[in-house]
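Asker: Encoded as structure tokens, here's the structure I'll be asking about.
Rule-based calculations on the coordinates, nothing more; no lab input. Quick caveat: nothing in here was measured; it's all calculated off a predicted structure. Note that we place each Cβ from the backbone using ideal geometry, even for glycine, and neighbour counts take in every protein chain shown.
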Amino acid sequence: MASGLPAEPVAEAAAHPLAAALLTPDALAFLGALHGRFEPTRRQLLDARIERQRRFDEGCRPEFRADTAHIRSGGWTVASAPADLMNRRTEITGPVTRDFMIEALDSGADVFMADFEDATAPTWANIIEGQANVHAAYRGELTGPPFTTTLMVRTRAWHLDEKHLTVAGDPMAAALVDFGLCVFHNAAVANERGTAPYFYLPKVEGQADARLWNEVFDFAESRLGLGPGTIRATVLIETILAAFEMEEILFELRDHITGLHTGSWDYLFSVAKTFRLDPAFVLPDRDRISVTTPFMRAFTELLVATCHRRGAHAIGGMSGVIPEADNEERIASALRKVTIDKRREAGDGFDGTRIAHPALVPVAVAEFDKVLGDRPNQIARQRDDVYVTAADLLTLPGSVGAVTVNGVRTNIRIVIRYLGEWLSGRATVAIDDHLEDTAMAEVCRAQLWQWRHHRVEISDGQILDDELLSSLIDEEFAALRDLLDEHTWAEGRFADARDLLRTLVTADDYPDWLTIPAYELL
């Protein structure tokens, strides 16, 4: 560094047995440089979100932006995908534990997304050990060559902090920690084996978020001696605001992006969260809404059309079915639902889909093979028939359904069960033959707050007020105690989960994220 210039900040890390290998002086210097360069902009983004939410609370609605109309009407396309990301018909996702990563990389899926966000409880041990597992995977130390499944890494989102890595006492952005450690340690090795650092970016809300990520990628490529466009990303469209800015997101990341993914459950959570005070957006029981409900279908159709117009992949939604039940009829029923869902996605023009269990790989492959044949994708299929308005995205049909007692109880049960495991360090939990992650807990929690705030009348004629909701929470907690075996109950923190849920859903002001107060309890 030239004399007279201030030294770049250096990150400081909490202790861990793997620190010597991963949190080297050079790695900490790189993380410190990321923090120093991009933390001010991240803070501005988060402040802007608060102001934007205030406007929605006052009755404003999102719309397609007039100031970016030139982007939507332009003839640009994104950079062509690298060879090992051309075929993405099946993507498996899950936590960054060693056992699951081995299983996923050997599953036969085209892509494995190692998830540091919704599928990983962010204990310091989980984060560091996850980075060590990613480090080993890039080097073939988990499964060995040949590398038939392409590795991608999902970072945590912009709003989350990592309190175990600090710069001058301030916690780092969790997103920069996940990205920084992965790209610093693995970019060169990835290039040597014919791939590159590939990332999934969650909870992006629009153009500004994407621009920040693009600047981070450019900086990392320059700092680490990587060619421009080496780092590639797929953005999860899982917020209602991002649905209005998909073109702008692709444009900002056009040299680094390969596609957009349909985050259906998080998207539903975002609808409830963004329009929390608007009675027109009170959602019914979750099982009354699916990806074929009109406002959800408008979102998925728009995503496919947007991606293909810009030369990007459109990746379909997640199937969390676990076909491991003892009852063969239940397994067959679950697999039929997955087949129907993947058949719809392939027919709609999606280039691939996501699953959570290796047993679903052949189910998904079969449906996409019928449509794709020997083609790697169907980007060439332009969905010129799709025309989606702001009203299409924002109108919840009144016939969707009501809120039932069972729906309230189910949401309570899922949050207590899931959060009790999350607080113990496990963020993927088998519930009712599905592998659930944070997205499902957020949907359930958001609905409970929404129903209580708007004092909905549930199916038995009662008004869901604080007293009734608190009573139902206690009843479902007791029922869960009877349902779980002694080992699971002893390992979990279900009483803490119950108490946190009660606090969050009865708060007058809506808590934006379940994981932020939960993180303080880890």
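Asker: Give me the percent of DSSP beta bridges within the chain that run antiparallel, rounded to the nearest 5.
Answerer: Around 30 percent antiparallel, to the nearest 5.
Asker: How large is ³J(HN,Hα), in whole Hz, for each residue of region 71-76 in order, when computed from phi with the Karplus curve 6.51 cos²θ - 1.76 cosθ + 1.60 and θ = phi - 60°, using x for Gly and Pro?
Answerer: Listing the rounded values in order: 5, 5, 9, x, x, 6 Hz.
Asker: Also, I was wondering about something else. Using modelled amide H (1.01 Å from N, peptide plane; none on Pro or chain starts), what sits under 5 Å from the amide H of Gly94, excluding residues fewer than 5 places away?
Answerer: Those lying under 5 Å, H to H, from Gly94 are Met113, Asp115.
Asker: Also: Convert each backbone phi in region 373-388 into a coupling constant with the Karplus relation 6.51 cos²θ - 1.76 cosθ + 1.60 (shift: θ = phi - 60°), then list the ³J(HN,Hα) values in order as whole Hz, x for Gly and Pro.
Answerer: Running phi through 6.51 cos²θ - 1.76 cosθ + 1.60 with θ = phi - 60° gives x, 9, 7, x, 7, 10, 4, 5, 7, 7, 8, 5, 7, 8, 9, 10 Hz.
Asker: Could you sort 32-42, 296-306 so that the peptide with the highest average Cβ count within 10 Å comes first and the rest follow in order? Write out the running numbers ahead of the final one.
Answerer: Working: 32-42: 18.9, 296-306: 22.3.
In decreasing order of mean packing, 32-42, 296-306 become 296-306, 32-42.
Asker: Could you run the Karplus curve 6.51 cos²θ - 1.76 cosθ + 1.60 with θ = phi - 60° over region 364-370 and give me ³J(HN,Hα) per residue in whole Hz, x for Gly and Pro?
Answerer: Coupling constants for region 364-370: 5, 4, 4, 6, 6, 4, 4 Hz.
Asker: Does region 435-522 come out rounded, prolate or oblate, given a ≥ b ≥ c as the square roots of the eigenvalues of its C-alpha gyration tensor, rounded meaning a/c under 1.5 and, failing that, prolate meaning a/b above b/c? Mind showing how you got there, number by number?
Answerer: Values: a/c = 2.00, a/b = 1.30, b/c = 1.54.
In terms of gyration-tensor shape, oblate.
Asker: Just how many pairs of Lys in the chain have C-alpha atoms closer than 20 Å, counting pairs that are eight or more places apart or on different chains?
Answerer: Summing the qualifying lysine pairs gives 4.
Asker: Would you please put 243-250, 113-120, 48-55 in order of how densely packed they are, using the mean number of other Cβ atoms within 10 angstrom per residue and starting with the highest? Mind dumping the intermediate values first?
Answerer: On the way: 243-250: 24.0, 113-120: 26.5, 48-55: 12.9.
Ranking, from highest mean packing down: 113-120, 243-250, 48-55.
Asker: With a ≥ b ≥ c the root eigenvalues of the C-alpha gyration tensor of region 1-88, is it rounded (a/c under 1.5), prolate (a/b larger than b/c) or oblate? Spell out each step's value before the answer.
Answerer: On the way: a/c = 2.11, a/b = 1.51, b/c = 1.40.
Judged from the Cα gyration tensor, region 1-88 comes out prolate (a/c at least 1.5, a/b above b/c).
Asker: Provide the gained length on full extension for the span Asp67 to Arg139, in nm with one decimal, where the gain is 0.36 nm per separating residue minus the Cα-Cα distance.
Answerer: 21.4 nm
Asker: Would you mind checking which residues have amide H under 5 Å from Lys163's amide H? H placed 1.01 Å from N; only 5 or more apart, or other chain.
Answerer: Residues meeting the criterion, in which the H sits 1.01 Å from N, do not exist here.
Asker: How high is the relative contact order of region 143-250, in percent, with contacts defined as C-alpha pairs under 8 Å that are six or more residues apart?
Answerer: Once divided by the residue count of region 143-250, the mean separation gives 25 percent.
Asker: Report, in whole Å, the centroid distance computed from the Cα atoms of region 95-143 and region 9-25.
Answerer: Taking the Cα centre of region 9-25 as reference, the centre of region 95-143 is 20 Å away.
Asker: Just to verify a number: FRET efficiency for Tyr387 and Arg288, C-beta to C-beta distance, R0 = 30 Å, to 0.05?
Answerer: 0.70
Asker: Could you check the simple spin-label distance between Asp485 and Asp499, using points 7 Å along Cα→Cβ, in nm with one decimal?
Answerer: Spacing of the two 7 Å Cα→Cβ label points: 2.8 nm.
Asker: Between Thr353 and residues 5 or more places away or on another chain, which pairs have amide H atoms under 5 Å apart, with H built 1.01 Å from N, and which residues are they?
Answerer: When sequence neighbours closer than 5 places are left aside, the close amide H contacts are Thr90, Glu91, Gly316.
Asker: Let me check against my output: what whole-number percent is the relative contact order of region 402-519, with C-alpha pairs under 8 Å and at least 6 apart? The partial results should precede the final answer.
Answerer: Numbers: 130 pairs, mean separation 42.7, N = 118.
It comes to 36 percent, rounded to a whole number.
Asker: Now a separate question. Which whole-angstrom value gives the distance between the alpha carbon centres of region 144-165 and region 481-505?
Answerer: Cα centroid of region 144-165 versus Cα centroid of region 481-505: 29 Å apart.
Asker: Using a 7 Å offset from the Cα along the Cα-to-Cβ direction at both Phe147 and Asp474, what is the distance between the two label points in nm, to one decimal?
Answerer: The answer from the label model is 5.6 nm.
Asker: Which shape class applies to the chain: rounded if a/c is under 1.5, otherwise prolate when a/b exceeds b/c and oblate if not, where a ≥ b ≥ c are the square roots of the Cα gyration tensor eigenvalues? Could you put the intermediate results ahead of the total?
Answerer: On the way: a/c = 1.32, a/b = 1.21, b/c = 1.09.
Judged from the Cα gyration tensor, the chain comes out rounded (a/c under 1.5).
Asker: Points 7 angstrom from Cα along the Cβ direction at Glu58 and Arg455: gap in nanometres?
Answerer: A separation of 2.6 nm, rounded to one decimal place.
Asker: Mind checking the full-extension length gain between Glu467 and Asp26? Use 0.36 nm per residue of separation minus the Cα-Cα distance, one decimal, nm.
Answerer: Contour length minus the Cα-Cα distance gives 153.3 nm.
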